[in-house]
Amino acid sequence: VKKFGYELEALAGQERDMALGNGGLGRLAACFLDSMATLNLPAWGYGLRYRYGLFKQRIAKEGQEEIAEDWLEKFSPWEIVRHDVVYPVRFFGHVEILPDGRRKSAGGEVLNALAYDVPIPGYKTKNAISLRLWDAKASAEDFNLFQFNDGQYESAAQLHSRAQQICAVLYPGDATEEGKLLRLKQQFFLCSASLQDIIFRFKERKSDRVSGKWSEFPSKVAVQMNDTHPTLAIPELMRLLMDEEGLGWDEAWDVTNKTVAYTNHTVLPEALEKWSQSVMRKLLPRQMEIIEEIDKRFREMVISTRKDMEGKLDSMSVLDNSPQKPVVRMANLCVVSAHTVNGVAELHSNILKEELFADYVSIWPKKFQNKTNGITPRRWLRFCNPELSEIVTKWLKTDQWTSNLDLLTGLRKFADDEKLHAEWAAAKLASKKRLAKHVLDATGVTIDPTSLFDIQIKRIHEYKRQLMNILGAVYRYKKLKEMSAEEKQKVTPRTVMVGGKAFATYTNAKRIVKLVNDVGAVVNNDPDVNKYLKVVFIPNYNVSVAEVLIPGSELSQHISTAGMEASGTSNMKFSLNGCVIIGTLDGANVEIREEVGEDNFFLFGAKADQVAGLRKDRENGLFKPDPRFEEAKQYIRSGTFGTYDYTPLLDSLEGNSGFGRGDYFLVGYDFPSYIDAQARVDEAYKDKKRWIKMSILNTAGSGKFSSDRTIDQYAKEIWGITANPVP
């Protein structure tokens with residue numbers, strides 16, 4: 001490459017990240033595929049081939065700007081287009097009743113799903129699995145040549161243009177009816193194409209090993225629905241089995257129930273999808289009939305077998321028939337139809353069993369499980385942090401930890417070893433220097449690699465509380481301004497970095513992005529303070545950025561309101577790379593703290609079981625704000641950080657109740673314990689020996705959080721599959 005006048009790094013940078021996932025869920029799926037391949041499991045993934053992804057984030061004077069991702073502009077070198085794998089997907093139309101009484105979909109518009117395969121190689125195995133991505137196409141006969149020649153160019157290619165919309169953008173805005181319809185189309189397109197593919201593969205293999213009886217389908221096929229987005233797999237599998245394959249309802253239901261399982265990834269009400277019944281009926285008339293029948297039969301089952309539950313039926317049923325807004329409740333459809341339901345961290349799974357799905361637990365106590373999320377150590381330590389990887393291998397005297405992460409506990413016995421401390425500190429400094437270069441290149445801000453690197457990177461959302469982080473930085477800045485030169489000498493210098501995308505229509509999240517940038521612009525240019533504090537917003541957070549930020553981080557913030565983050569996975573990545581966490585008892589933080597040791601985790605904040613009571617207290621006017629909280633808010637209101645009006649954002653923290661008010665995410669309640677925890681961080685960081693020991697023990701305690709462990713549990717306890725290595 002040098003001969004041609006290029007640097008390898010510059011060349012590698014030409015390959016864009018695949019723009020297939022919005023947040024942790026997409027990154028989790030990538031880890032899961034890596035583990036499936038490495039464990040030699042006969043499993044693969046399905047998704048949509050989004051041309052423009054979510055968006056590329058640019059930071060301008062006004063805040064975040066969204067521009068289309070260009071990952072397919074030059075073509076993706078890894079995908080293989082499969083012109084031989086095409087399935088028809090029908091939207092709209094009507095239900096036809098055939099002479100023999102069977103029903104089937106007819107009319108409407110039919111688009112084709114074309115497969116692109118992305119190979120996923122296993123680590124140190126011959127096995128490679130596949131991520132099959134669907135693109136939507138219209139056929140040549142859907143192009144109206146007569147209209148085109150008549151100058152009606154748009155209407156001549158109407159179906160082609162509608163096909164392009166389906167795979168254009170991940171999570172298109174759904175504030176309009178058109179947006180809602182497009183999202184539902186995307187979901188159904190993914191489900192229908194994938195299930196037709198699965199059924200085709202099953203029938204193709206009938207000749208060998210399988211007699212072809214449909215009762216054998218669940219012993220050959222397991223379908224895991226990742227959150228509620230693929231819920232339409234349930235009515236679509238029923239439709240394919242009944243209308244295309246000729247099964248009766250009972251047989252089709254038995255096959256479907258034994259085949260599908262559901263992973264819940266969130267307890268946020270807005271993410272537990274509810275679709276308008278009229279939209280569903282219009283777009284997918286046959287599937288809606290099937291959903292209505294599932295709901296009817298579920299109600300009948302409860303009334304006949306559990307009279308005591310009859311009063312709960314209105315909240316448990318699949319259909320909410322309230323006259324104001326009749327909807328289909330997708331999470332309820334998943335729970336009613338799947339053979340297994342799991343959460344993604346112990347705390348989250350308990351909340352599902354005790355709160356969200358408690359009524360179903362009394363009907364099906366064995367249906368609910370926990371599968372704590374994990375991350376692949378290949379990408380998230382071995383590849384992204386070469387210096388630290390070499391040290392781990394040297395001290396463990398093996399590199400087997402890359403596929404058996406529990407071996408990391410072997411580092412505990414060296415936690416006080418001075419030689420290891422010196423090597424560990426040198427590796428961390430190398431990563432910090434690499435991170436400082438990235439920050440300079442991406443933002444133009446120079447940061448000091450000897451300062452404490454404090455990082456929060458994740459989607460911008462009020463429940464993740466980036467607002468608390470920046471209020472803390474504002475408070476720190478104000479206190480520094482009030483200090484004498486002598487007092488400043490005793491301060492732990494700190495660089496606070498925040499990164500993440502705010503959804504395009506989520507106004508408060510975008511205000512938070514703007515606030516971080518405005519605070520940074522003032523703090524970083526203040527000569528009295530900028531030796532002791534810098535605040536940087538890292539633009540366009542994605543996997544490649546994370547691979548630089550996580551190894552260079554020393555303190556990582558996972559500070560969501562307790563009970564609201566199902567698991568989190570970046571917390572695991574930071575911990576694995578020897579970064580200490582400041583966090584609440586939420587999601588997987590609970591288990592990370594157990595594994596790394598309470599002394600190596602900075603804990604603060606209300607617990608999940610206190611949250612409802614604290615919100616009630618707030619409504620009743622019993623909340624007394626800490627003066628430091630008031631001081632930080634007032635400092636922003638004073639105009640110190642520019643002329644932008646932050647009143648609507650700060651008002652979300654004021655008042656006791658009302659839409660967009662009353663501090664629903666308890667920033668005010670948790671702020672004092674957060675500031676106290678940050679003071680403990682400052683003290684701990686001054687003791688270099690203690691800090692490096694904490695760092696080593698974080699890495700040593702990360703074995704549980706390998707996605708190999710997670711996937712092994714799914715394989716054994718939900719899918720019923722075993723390894724099938726290529727000889």
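Screening the chain for DSSP H helices whose Cα atoms reach 27 Å or more along their own axis and whose mean Kyte hydropathy is at least -0.5 gives 177-204, 418-443.
Straight-distance candidates among the aspartates and glutamates for linking to Lys74, with alpha-carbon spacing under 16 Å and chain neighbours fewer than 8 residues away dropped: Glu15, Asp17. With q set to 0.15 Å⁻¹, the log10 of I(q)/I(0) for region 18-373, from the Debye formula over equal scatterers at the Cα positions, is -1.56.
With contributions of -39500 (n - 2.57) from each DSSP H run of at least four residues, the per-residue ellipticity at 222 nm computed over the chain stands at -12500 deg cm²/dmol.
Reducing region 223-297 and region 127-202 to their Cα centroids gives an inter-centroid distance of 20 Å. Between region 685-727 and region 574-651, the C-alpha centres lie 27 angstrom from each other. With a 1.4 Å probe rolled over the protein heavy atoms of all chains, the accessible area of Phe383, Phe4, Phe604 falls in the order Phe4, Phe383, Phe604, largest first. For Val392, the solvent-accessible surface with a 1.4 Å probe is about 0 Å², rounded to the nearest 10. Glu178 contributes about 130 Å² of solvent-accessible surface, heavy atoms of the protein only, 1.4 Å probe. The alpha carbons of the chain give a radius of gyration and a Dmax of 26.9, 92 Å, in that order. The residues of the chain expose on average 43 square angstrom of accessible surface per residue, using a 1.4 Å probe on protein heavy atoms.
Charge tally for Ser657 (other residues, Cβ to Cβ under 14 Å; Lys, Arg +1; Asp, Glu -1): -1.
What net charge is computed for the residues neighbouring Asp617, neighbours being all others with C-beta under 13 Å from the C-beta of Asp617, Lys and Arg scored +1, Asp and Glu -1? If you can, show how the numbers build up before the last one.
Numbers: positive: Arg615, Lys616, Arg618, Lys624; negative: Glu619, Asp663.
Net local charge, Asp617 excluded: +2.
When all protein chains stay in place and ligands, DNA and RNA are ignored, the 1.4 Å accessible-area order of Leu347, Leu272, largest first, is Leu347, Leu272.
Surface composition of the chain: carbon and sulfur atoms hold 53% of the protein heavy-atom accessible area at a 1.4 Å probe. Summing Lys and Arg as +1 and Asp and Glu as -1 over all other residues whose Cβ lies under 13 Å from the Cβ of Asn144 gives a net charge of -4.
Summary of the geometry: region 1-22 and region 430-488, compared by the centres of their Cα atoms, lie 29 Å apart. Here's the picture: charge each Lys and Arg Cβ at +1 and each Asp and Glu Cβ at -1 in region 431-705, and of Val548, Ser570, Gln466 the one pushed furthest to the positive end of that dipole is Val548. Taking a ≥ b ≥ c as the square roots of the Cα gyration tensor eigenvalues, region 222-373 comes out rounded, since a/c falls below 1.5. The charge dipole of region 431-705, taken about the Cα centre with unit charges on the Cβ atoms of Lys, Arg (+1) and Asp, Glu (-1), comes to about 600 debye, rounded to the nearest 20. Restriction of the trypsin sites (Lys or Arg not before Pro) in region 191-290 to DSSP coil positions whose beta-carbon has at most 12 other beta-carbons within 10 angstrom yields Arg205, Lys206, Arg209, Lys213. With one equal scatterer per alpha carbon and no solvent term, the Debye-computed log10 I(q)/I(0) for region 431-705 at 0.08, 0.12 1/Å reads -0.30, -0.71. For Lys616, the lysines whose Cα comes closer than 27 Å to its Cα, not counting residues fewer than 8 places off in the same chain, are Lys274, Lys312, Lys353, Lys464, Lys607, Lys624, Lys633.
Of the residues Arg58, Arg709, Arg465, Arg297, ranked by 1.4 Å probe accessible area with the largest first, the sequence reads Arg58, Arg297, Arg709, Arg465.
The values are calculated or read from the model by the stated rules, or taken from the named source; none is laboratory data. Every value quoted in this text rests on a predicted model; they were computed, and no experiment measured them. Neighbour counts are summed over all protein chains in view; Cβ atoms, including those assigned to glycine, are modelled from backbone coordinates with ideal geometry. Ligands, DNA and RNA are stripped out before the accessible areas are found, and what is left, the full protein with its side chains, is counted by its heavy atoms. Shrake-Rupley method; radii C 1.70, N 1.55, O 1.52, S 1.80 Å.
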